Structures are given as C-alpha cells and as structure tokens.
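Reading through the structure tokens given below for one structure.
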Amino acid sequence: MKSFCIKTNNQNIIDYLLNKIEIIDFNDIYYCEKEFKIYKNVFIHYIGQDIDGFTRFVTELICNTVTKFYEQKLLNKMINSNYFYFDDYEKKIIMDNCIEYTKVESLDKKEKLYMEVEQYIKSARREIVLDGIVNFRIKEYKKVLDNIVDMAVNQYIIEKEYTEFINLLKIYVNTTPVTTNILHLIYMHGESILLDEDKNVVSLSENIYNAKYLSDITFSSNDFALNTLLSMLPKKLEIHIIDDEDEFINTLKLIFEDRISICRDCNICKTYKMINNAKILN
C-alpha cells in the first residue's frame, strides 16, 4: 500500500481536496480526513500496483490546489513587494492583467509547478504541508509568476501612456481652429494615403521637428499620417477602409471622435480596391 498525507488548516482547501478525490477516475483509492494537534490532514491510500499513476494523481491534485488557492495570493504579494509605489487602483489593473497573462502562460507555468511538486513527492516523501511547499519548494514556478507580474506592469504602463497621449491630442484637436474642411484617409495594408477635398494626394509630413505630438508610441509610417492630420486639422475626416481596421484607426477615432466617418463602399473605396486587387494579381 502507498499512502500520502496533505496538511493544511484551510477548510476550503480540505473540502476542495476531498471533492476532487471523490470524483477522480482512479481505482483502489481510499481517503479520509483527520485533524491532529497542528494541521488538518487529508490521507490518501492506494492499494493498487500503478505507483507511477498514483504519483501523477497526487501531483496533479496538489498542483491544481496550489493554482486555485495560492496563485493569485502569490501574484498579489509580488505586486505589493516589487511595485509598492503603485496605488490600489493601479495594482488592481495590474492584477487583472496578471490573470489574463496566466492564461497565456498556462502551459509553461503548469509544467514548472508539476515538475517541482513531482520531484518533491518522488523523493520518498509521504506527506506535504501545503504552505511549506508554496513558500519553499516551487521556485521555478514562482519565477514564471514573477515574469508574469513584470509583463502585466509593462502592459499597464504602456496603456497608461497611450491614454495620456490620446487625451493630450484630443485637447489639442478640440481647442485648435480647423484649417481644412475635409480630408480623406485611405487605409490599406496598414498604410495611409491622404487626399484633400479635391481628391488630390496630400504629402505626408515627415519633419519630426514640426510634429504636433511627441510620444514613445509609434505607428511606423502612420506617425507621419497622424502628424499631417494634426497639422491640417480637418473639420471632417473620412476614412476609407480597404481591408481591416487596426489600432491606428481606433486611435484616430479616439482623437477625432465625431469628426470621423468610416466608409467601405464609395467611389474612392472602389477605386483603391481595384488598385489593391491589381497589385495582388501582379
């Protein structure tokens, strides 16, 4: 017979473990809960011959428990320790970002945790204190979480700078007199072409020293399109989408708001769709 004991004083964890053991599809398993002087204990007894299978079962059970009951606490602790200078509202956003990243990084995270828990169990251990293994035995798993926190913070900073950037440009647009009645922006393959109200091509301003904005955010060649729009400041901006919208178009919508109209099937659109199709055929 092979036995293993999981120790904790968290009743929610005890209930979770007992429920998971009860519904697991693994034969020859017996289990019980007992409380001694210090810890509440879940004992798992296996009377079969598949010892490796039993080890996998216990490892998965512990990994799932750590993920469910400890992971967000560990993330929160890392945020408070490494990024203590953010306020509570900012930390909440960072934590939300972390939760999204844990879904993306789930495979690497799970592999690291499984490897460390399995190694502990295979080292002739017959019991595990959950708080102890979380605090001292899953260092590689914690490194993955620490990296997730860093990515979440970077995402927050970028989004914050983006919001500030948009707000500054909105103030500029809303407080500066218009200089042009209408401009057409043809958007195709992530590139911009500007036409004036007579349908003549407008040269994009590439003089960074005369730029109407400064930001670490870049839209590559569309930086120049945005700078030109801010320089000419149209009363109305018609955007002709030849293929797909993306971040640049969404940014223009935020900056110019009700000055913008989106078009997909006017004569200008049809002309540039024909040009685009001709390029594809060639």
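To the nearest 20 Debye, how big is the dipole of region 100-191 about its Cα centre, given +1 on the beta carbon of each Lys and Arg and -1 on that of each Asp and Glu?
400 debye
Amide H to amide H distances under 5 Å link residue 236 with 182, 183, where only residues 5 or more positions off or on other chains count and H is placed in the peptide plane.
Sequentially through region 181-198, phi angles give Karplus couplings (6.51, -1.76, 1.60; θ = phi - 60°) of 6, 8, 10, 10, 10, 8, 10, 8, 6, x, 10, 10, 10, 9, 10, 7, 5, 8 Hz, Gly and Pro residues having no value and appearing as x. With N counted as the residues of region 89-153, its alpha-carbon radius of gyration over 2.2 N^0.38 Å works out to 1.29. For region 59-71, backbone phi angles converted through the Karplus equation (6.51, -1.76, 1.60; θ = phi - 60°) give residue-by-residue couplings of 4, 4, 4, 5, 4, 5, 5, 4, 4, 6, 9, 10, 4 Hz, Gly and Pro being listed as x.
Regarding the chain, what is the average projected area of its C-alpha convex hull, in nm²?
So the Cα hull casts an average projection of 23.2 nm².
When chymotrypsin sites (Phe, Trp or Tyr not before Pro) are flagged only if DSSP places them in a loop and at most 11 other Cβ atoms lie within 10 Å, the longest unflagged stretch of the chain comes out as 86-282. Taking the chain as a Gaussian network of alpha-carbon nodes connected by springs under 10 Å, the highest mean-square fluctuation of the residues 37, 109, 253 belongs to 37. Excluding same-chain neighbours fewer than eight residues apart, the aspartates and glutamates reachable from residue 2 by a Cα-Cα span under 17 Å are 28, 33, 50, 52, 60, 118, 127. From the Cα gyration tensor of region 7-121, with a ≥ b ≥ c the square roots of its eigenvalues, which class applies: rounded if a/c is under 1.5, or else prolate if a/b is larger than b/c, or else oblate? It comes out prolate by the Cα gyration axes. Pairs spanning more than 28 Å between alpha-carbon atoms, out of 68/160; 7/73; 92/235; 92/143; 7/77: 68/160; 92/235.
For residue 202, the residues whose amide H sits under 5 Å from its own are 194, 195, 196, ignoring neighbours fewer than 5 places away on the same chain, with H placed 1.01 Å from N. The magnitude of the dipole of the chain, with charges of +1 and -1 set on the Cβ of Lys/Arg and Asp/Glu and taken from the Cα centre, is near 800 debye. For the options 146, 131, 258, a Gaussian network treatment of the chain with springs between C-alpha atoms closer than 10 Å singles out 258 as fluctuating the most.
The residues of the chain expose, per residue, 58 Å² of accessible area to a 1.4 Å probe. Residue 125 to residue 84: FRET efficiency via 1/(1 + (r/R0)^6), r the Cβ-Cβ distance, R0 45 Å, to the nearest 0.05? Once rounded, the FRET efficiency stands at 0.80. Across region 148-156, computed HN-Hα scalar couplings (Karplus, 6.51 cos²θ - 1.76 cosθ + 1.60, θ = phi - 60°) run 4, 4, 4, 5, 5, 5, 4, 4, 4 Hz from first to last residue, x flagging Gly and Pro.
The values are calculated or read from the model by the stated rules, or taken from the named source; none is laboratory data. This is a predicted model, so every value here is computed, not measured. We place every Cβ from the backbone using ideal geometry, glycine too, and count neighbours over all the protein chains shown. Just so you know, the surface numbers come from the protein's heavy atoms only, side chains and all, with ligands and any DNA or RNA stripped out. Shrake-Rupley method; radii C 1.70, N 1.55, O 1.52, S 1.80 Å.
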